[in-house]
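Trainee: Quick one: this structure, given as structure tokens, is what I'll be asking you about.
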Amino acid sequence: MTYIGIDVSKATLDVAVHEGPLTQVANDATGIATLVAQLGPAAPTLIVLEATGVYHHSVTSALVAAQLPVAVVNPRQVRDFARSTGQLAKTERLDAQLLARFAADVHPTPRPVPDEATHELVALVDRRRQLIDMLTAERNRLAIARRSVKPSVTRHITFLEKAIASAEDDLDRWVQQSPVWRAQEDLLVSVPGIGPQTARLLIAKLPELGQLPGRQIAALVGVAPLARESGRWRGARYCAGGRAQVRAMLYMATLAAVRFNPVIRACYQRLLAAHKPKKLALIACLRRLITIVNAMVKTQQRWQAPTPTTA
């Protein structure tokens, strides 16, 4: 069995075979084509890369197109693995060898890689978020700006508001051109508390929705309670990890759901009646919301309000 690690940087790809040689190619079309030609006949057991922003997309797509087994892993997992082995130094060559060892020892599961259209959707979702972050910052500056700079800040706010409207129009067109995305968005927005922007974020950033059990999807978002126990000691459970952007958007959706979604509102009120802290109750409701949405996507059934019972 052959395990391969690829350390991705903007300019180069360092390729290491577990207990084997190490090579380097350019991170461009020619270098990626050379790499695929070299790895194809070797039929590796598993290839592991770290998620490095946009720089790993091209090589990952090319390897998947060549039907090679690829796993894109969280860099934090790899660094924790390195520390557990006593490796503290970090270079491109060492990282490639570490990824190959990680592949051989941990055997991460290869997951489906988004296609080009999904990458474009992710880029549009990210751009809208970036513009909103800039608009929030400028509005905060306007509140404390001196008279001499207020006109400049005001003009920039107007520009950003128009840019956000344009970005949302682009998102509308991109989603509408895909029957699959249209159907999924229609399904998601049927849930009280989830609006179009939350639905599009879930489509772009949580493609595993409907494909994993409820507990796994909650862990992927980062709202699954983790135990802290040792001997007789029982610590309070906590949430950690997960996809921060998805979790933040779903938290805002949960704030709306506890007001307008009868199932989530009942869950929230029950937890408050049991004297649970409000933040804990909201996170529990978020977990309930994503579990419900996951089941809806899996069964392709729209939201149905619970039928009130009469005594």
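Trainee: To the nearest 10 degrees, how steep is helix 179-188 against the longest Cα principal axis of the chain, on a 0 to 90 scale?
Mentor: It works out to around 50 degrees.
Trainee: May I ask you to evaluate 6.51 cos²θ - 1.76 cosθ + 1.60, the Karplus curve with θ = phi - 60°, for each residue of the stretch 237-251 and list the ³J(HN,Hα) values in order in whole Hz, giving x for glycine and proline?
Mentor: For the stretch 237-251, the Karplus-derived couplings read 6, 9, 10, 7, x, x, 9, 4, 5, 5, 5, 5, 5, 5, 5 Hz, x marking Gly and Pro.
Trainee: How large, in percent, is the carbon and sulfur part of the accessible surface of the stretch 30-105 at a probe radius of 1.4 Å?
Mentor: Carbon-and-sulfur percentage of accessible area, whole number: 54.
Trainee: Name the most mobile residue of THR91, THR254, THR60, meaning the one with the largest mean-square fluctuation, in a Gaussian network model of the chain with Cα contacts below 10 Å.
Mentor: Checking each option, the largest mean-square fluctuation is seen for THR91.
Trainee: Take the Cβ-Cβ distance between ARG141 and ARG234 as r, set R0 to 41 Å, and report the resulting FRET efficiency rounded to the nearest 0.05.
Mentor: E(calc), rounded to 0.05, equals 0.30.
Trainee: In whole Hz, with x marking every Gly and Pro, tabulate ³J(HN,Hα) for the stretch 213-225 from phi via Karplus 6.51 cos²θ - 1.76 cosθ + 1.60, θ = phi - 60°.
Mentor: Per residue, the Karplus-derived 3J(HN,Hα) values read x, x, 5, 5, 5, 5, 5, 5, 6, x, 10, 7, x Hz.
Trainee: Please give the solvent-accessible surface of ILE157 in Å², to the nearest 10, using a probe radius of 1.4 Å with every protein chain present.
Mentor: 20
Trainee: Over what distance in Å are the Cα centres of the stretch 236-268 and the stretch 17-51 separated?
Mentor: The stretch 236-268 and the stretch 17-51 have Cα centres spaced 41 Å from each other.
Trainee: If you build a Gaussian network model of the chain, linking Cα atoms that sit under 10 Å apart, which residue out of MET134, MET249, MET296 swings the most?
Mentor: MET134
Trainee: When DSSP beta bridges are limited to those with both residues in the chain, what percentage is antiparallel, rounded to the nearest 5?
Mentor: Rounded to the nearest five, the antiparallel share is 65 percent.
Trainee: Can I ask one more? Would you calculate, for the chain, the mean residue ellipticity at 222 nm contributed by helices, counting each DSSP H stretch of 4 or more residues as -39,500 (n - 2.57) and dividing by all residues, to the nearest 500?
Mentor: Value at 222 nm, helices only: -19500 deg cm²/dmol.
Trainee: Shifting gears a bit: So, in Å, what gap is there between the alpha-carbon centers of the stretch 125-189 and the stretch 78-113?
Mentor: Centre-to-centre distance over Cα atoms comes out at 38 Å.
Trainee: Karplus couplings for the stretch 127-141 from phi (6.51 cos²θ - 1.76 cosθ + 1.60, θ = phi - 60°), rounded to Hz, Gly and Pro as x?
Mentor: After applying 6.51 cos²θ - 1.76 cosθ + 1.60, I find 5, 4, 4, 4, 5, 5, 4, 5, 5, 4, 5, 5, 5, 5, 5 Hz.
Trainee: For LYS162, list the lysines whose Cα falls under 29 Å from its own Cα; do not include residues on the same chain fewer than 8 positions away.
Mentor: Answer for LYS162, where 29 Å is the Cα cut-off: LYS150, LYS205, listed by chain and number.
Trainee: Among VAL221, ALA274, CYS239, whose Cα lies farthest out toward the positive end of the dipole of the stretch 197-311, if unit charges sit on the beta carbon of Lys, Arg (+1) and Asp, Glu (-1)?
Mentor: The residue sitting farthest along the positive end of the dipole is ALA274.
Trainee: Got a number for carbon plus sulfur as a percent of the stretch 170-300's accessible area, 1.4 Å probe?
Mentor: Whole-percent figure for carbon plus sulfur exposure: 56.
Trainee: Here is a further query. Name the most mobile residue of VAL73, VAL125, VAL153, meaning the one with the largest mean-square fluctuation, in a Gaussian network model of the chain with Cα contacts below 10 Å.
Mentor: Result: VAL153 has the largest fluctuation of those listed.
Trainee: Based on Cα positions only, what radius of gyration and what Dmax would you give for the chain, in angstroms?
Mentor: 23.1, 74
Trainee: What is the dipole size for the stretch 1-105, taken about its Cα centre, with +1 at each Lys and Arg Cβ and -1 at each Asp and Glu Cβ, in debye to the nearest 20?
Mentor: 180
Trainee: Hey, can you find the accessible area per residue of the chain for me, probe 1.4 Å, expressed in square angstrom?
Mentor: With the other protein chains kept in place, the chain gives 57 Å² per residue.
The values are calculated or read from the model by the stated rules, or taken from the named source; none is laboratory data. Keep in mind it's a predicted model, so treat the numbers as computed, not measured. Using ideal geometry, Cβ is built from the backbone for each residue, glycine included, and neighbour counts are taken over all protein chains shown. What goes into the accessible areas is simple: the full protein's heavy atoms, side chains included, and nothing from ligands, DNA or RNA. Shrake-Rupley method; radii C 1.70, N 1.55, O 1.52, S 1.80 Å.
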